[in-house]
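To start, the structure itself, in structure tokens.
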Amino acid sequence: MATALEIARGISQVMANVHDGALDENGDPISIGLKREEDISIHDRKIMDGFKVALYGDHLCLKYHGEVFLKEVHANGFEDDIANMLNVCLKFLKKEYKNITGEALSLKKVDEEPDIVVQSTSRVRSWVQAKQHFQINGMKGVETVTQESEDRLDDAIKSWLAIGKDQYPKSKKPENVSGKRDEEPRT
């Protein structure tokens, strides 16, 4: 069983190899399945898309970004196409993680539906940003994101923050207060 640090390092190594133009150990281009890898004719523009991940405790957030045309956005099945693209990225992540570490990356969906946002730059061009959260199984010793945080301020910080307040006995009056006007609260 891998530790949380080993899992994070494995995911980090996979993500180091997903940039456009990345090569494998044989010198061949790495194929992820993104739109940017499709052959384009001389008259078409190159499609820009990619993905990345973020770790939040024992959760992994898979993020996809790509250019789309407005006619694609208004077409039926656009959300399914974006969800499929997230699945392609997830499949690549799991496959490469297994190749690098020798262990399987076990993820469980937290959200059933991905969060998809489409923004436009003009009447023709737009871009899509999608993300989906997964829980990493087997990541022990890491606080979950959903747990409530504890107050971790020690006494010195509490007394420093409470300067001029009567609720902490260690607090003292600031030295730059010289007169009655400085002691009055300003409105």
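Where a number appears in this text, it was derived from the coordinates with a stated rule and is not lab data. Please read all numbers here as calculations on a predicted model, not as lab measurements. For neighbour counting, all protein chains shown are included, and Cβ atoms are generated from backbone atoms with ideal geometry for every residue, glycine included.
Observations
- Estimated FRET transfer efficiency (residue 104, residue 28; beta-carbon r; R0 30 Å; 0.05): 0.80
- Cα-projected label distance for residue 52 with residue 73, points at 7 Å along beta-carbon direction, nm: 2.2
- A Förster radius of 45 Å combined with the Cβ-Cβ distance from residue 65 to residue 157 puts the calculated FRET efficiency at roughly 0.70.
- For the pair residue 115 and residue 143, label points projected 7 Å from Cα toward Cβ lie 2.0 nm apart.
- Entries of 63/94; 71/91; 71/131; 71/94; 71/109; 158/180 with Cα pairs more than 24 Å apart: 71/91; 71/94; 71/109; 158/180
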